[in-house]
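Scroll down for the structure; my scribbles are underneath it.
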Amino acid sequence: SQCLVAVTEEAAADIMEVLVPQTGARLSKALDLLVESRVEQGVIPDTRLADAQRMGERQMPVFARATLQEGRLNLSGAWAAGEWISPEETALLTLLMGQGKERRLTLPEGIAHVAEAKVKTAFDADGTNARVTICANVKTSDIPPDVLEQAVAQAAIKLLSHLSRNDCDALGCGRKMICRASDMAQWHTWNWPARYRDIRWTVEVSLHSPA
């Protein structure tokens, strides 16, 4: 139940054929190291089988993407609700999901390395509006400080809006909203899946650069 779940377009036989350990390492150890490094980089989500089993209809699991590159297994990017998510978007998404506090963010304006990130999500009474706040320190960036906060906010809104329109509740908004329902009958009358597709996102970003 603690195994990482990955989705692939490759043939299972081709994946199995390349699962050979590097010299001096057991296959299980080699895979553990690969998963650990990719999760730490934020380019794949750290979604375990047990996580997916307990999410139910209240949250959409986001799985790692597995591909073959030059005859080797590669873990990079993600898959959710029938959508492939690029490694660059995955780094931002895993930050928003609270799976890491340090990320290298690749944005249209440039690259920024943020650390000690804190992310919070709040909703209005009926869940039609969601506000995400991101606070983090900037370790390095080639984006001007006055542009960086807006760039991160715009990238987050674009990503979250795309996911919600495609029924991918990656942040677990439904899991939080269901706690507001007095009972399951009220929860079902809210028709959360339809409401979530039209949710309006606001993202506030506060980034602190080193002195």
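The values are calculated or read from the model by the stated rules, or taken from the named source; none is laboratory data. Given the structure is predicted, the values throughout are model-derived calculations rather than measurements. Here Cβ is always computed from backbone atoms with ideal geometry, including for glycine, and neighbour counts include all displayed protein chains. What goes into the accessible areas is simple: the full protein's heavy atoms, side chains included, and nothing from ligands, DNA or RNA. Shrake-Rupley method; radii C 1.70, N 1.55, O 1.52, S 1.80 Å.
Just to verify a result, which residue in the range 119-145, among those that are over 19 Å from GLU88 (Cα atoms) and among the basic types (Lys, Arg), is most open to solvent (accessible area, probe 1.4 Å)? The residue in question is LYS120. For the range 56-74, the condition holds for no residue, the condition being that it is modelled with pLDDT of 95 or more, among the hydrophobic types (A, V, I, L, M, F, W, C) and closer than 17 Å to TRP201 by Cβ. Of the helices (runs of 4 or more DSSP H) entirely within the range 146-206, those holding at least 1 residues that are in contact with a strand residue (DSSP E or B) (Cβ under 8 Å, 6 or more places away or on another chain) and surrounded by 15 or more Cβ atoms within 10 Å (Cβ to Cβ) occupy 173-177. Look at the range 184-211: where a residue is in contact (Cβ under 8 Å) with a residue 40 or more places away in the chain and closer than 27 Å to GLN150 by Cα and a partner is open to solvent by less than 40 Å² (accessible area, probe 1.4 Å) and of a type in the set (Asp, Glu), sitting 6+ places away or on another chain with Cβ atoms under 9 Å, you get TYR196/ASP169.
Looking across the range 34-65, just one residue is in contact with a Leu (Cβ under 6 Å, 6 or more places away or on another chain) and small (Gly, Ala, Ser), and that is ALA64.
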